[in-house]
């Protein structure tokens with residue numbers, strides 16, 4: 001297990017540390033519900049330094065990114081970011097990622113921690129055009145400062161107007177006394193805020209100044225458990241649960257990041273799916289009775305026949321009811337469809353809903 005740069009800091013704050021994607025990570029401090037509410041109502045800080053960062057550079061950088069990602073990166077201008085995925089050759093997804101255009105021939109790819117080596121090897125296997133690749137994952141830390149008070153609480157730390165950084169945009173500038181920091185607005189909580197990418201040797205200073213600046217705003221450290229409940233309330237996919245090597249972006253409702261204006265890995269097969277339909281779709285559901293749906297639980301029809309399974313589920317702290325995602329045949333996938341979740345020996349009635357669960 002690797003340790004992130006602020007490992008000792010999290011331990012001193014009483015974090016419960018658990019192995020996650022090859023790293024010792026803070027899963028919670030005070031408790032999931034308290035931390036969840038802090039992000040929904042004030043401001044919280046996640047250390048997500050386990051995430052992977054690759055630089056793709058040179059005159060062929062864009063061509064390589066266009067080849068391996070589903071979204072159209074040619075639409076990016078400097079200071080903009082884009083959610084995307086790496087399709088595999090078999091209709092599934094290698095990983096989901098965010099692509100940042102840093103300079104004209106420099107792109108930053110941010111990938112999931114558990115997939116760093118797999119993703120690197122995948123991109124390298126497709127790089128027959130000489131794009132320059134650098135894995136900088138071990139050199140950088142990443143803090144996500146999330147919540148409705150994040151901008152107000154952090155503005156004193158930067159000369160940039162943080163309120164002007166729109167969703168999926170970023171600036172490279174000063175923050176907490178450190179120069180050349182990436183300040184981006186690509187949060188995964190649905191409550192606003194931004195992320196700070198800085199070098200490992202600078203992250204302690206950034207962390208300390210963030211908590212000083214946020215002291216009057218109720219700032220708290222937040223663990224990965226609350227990150228999961230927050231992202232699920234928004235219906236955002238989690239790699240390894242809702243999407244993986246066997247799920248296509250079309251099945252997963254990610255047609256909006258799958259652009260057929262260009263050719264990319266397995267694009268013909270995915271275009272066929274988009275035009276002719278799929279055999280299963282990722283749905284969102286809410287339980288009609290008390291219960292907590294969990295990953296792997298069966299989804300059954302009115303006769304008790306299995307029609308799918310839950311990929312992510314929790315008791316929503318904001319809604320006070322069980323919510324989840326899962327794959328079912330298209331006949332059960334439209335809003336207001338009635339399904340059941342098999343929780344132990346009981347089939348709990350549920351209804352298919354439109355995302356997000358949490359409307360803010």
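The values are calculated or read from the model by the stated rules, or taken from the named source; none is laboratory data. Note that the coordinates shown come from a computational prediction; the quantities given were computed from them, not determined experimentally. As a convention, Cβ positions derive from the backbone with ideal geometry for all residues, glycine included, and neighbour counts pool all protein chains shown.
Key figures
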read-out	value
Among the residues listed as 151, 165, the single one being closer than 17 Å to residue 46 by Cα, in the same structural domain as residue 53 (by TED's automatic domain parsing) and touching a strand residue (DSSP E or B) at 6+ places or on another chain (Cβ under 8 Å)	151
Residue 50 being farther than 15 Å from residue 220 by Cα and touching a helix residue (DSSP H, G or I) at 6+ places or on another chain (Cβ under 6 Å)	yes
Odd one out for residue 11 among (1) in contact with a helix residue (DSSP H, G or I) (Cβ under 9 Å, 6 or more places away or on another chain); (2) within 29 Å of residue 233 (Cβ to Cβ); (3) not in a loop (DSSP other than H, G, I, E, B)	(1)
Any hit, the range 198-214, residues being assigned to a loop (DSSP other than H, G, I, E, B) and either in the same structural domain as residue 58 (by TED's automatic domain parsing) or surrounded by fewer than 21 Cβ atoms within 10 Å (Cβ to Cβ) (or both)	yes
Elements of type strands (runs of 3 or more DSSP E) contained in the range 296-360, each with 3 or more residues being surrounded by 15 or more Cβ atoms within 10 Å (Cβ to Cβ), in contact with a helix residue (DSSP H, G or I) (Cβ under 7 Å, 6 or more places away or on another chain) and at pLDDT 95 or above	306-315
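The rows are residues; the columns are (1) in contact (Cβ under 8 Å) with a residue 60 or more places away in the chain; (2) surrounded by 21 or more Cβ atoms within 10 Å (Cβ to Cβ).
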position: 101; (1), (2): no, yes
position: 114; (1), (2): yes, no
position: 118; (1), (2): no, no
position: 123; (1), (2): yes, yes
position: 126; (1), (2): yes, no
position: 133; (1), (2): yes, no
position: 145; (1), (2): yes, yes
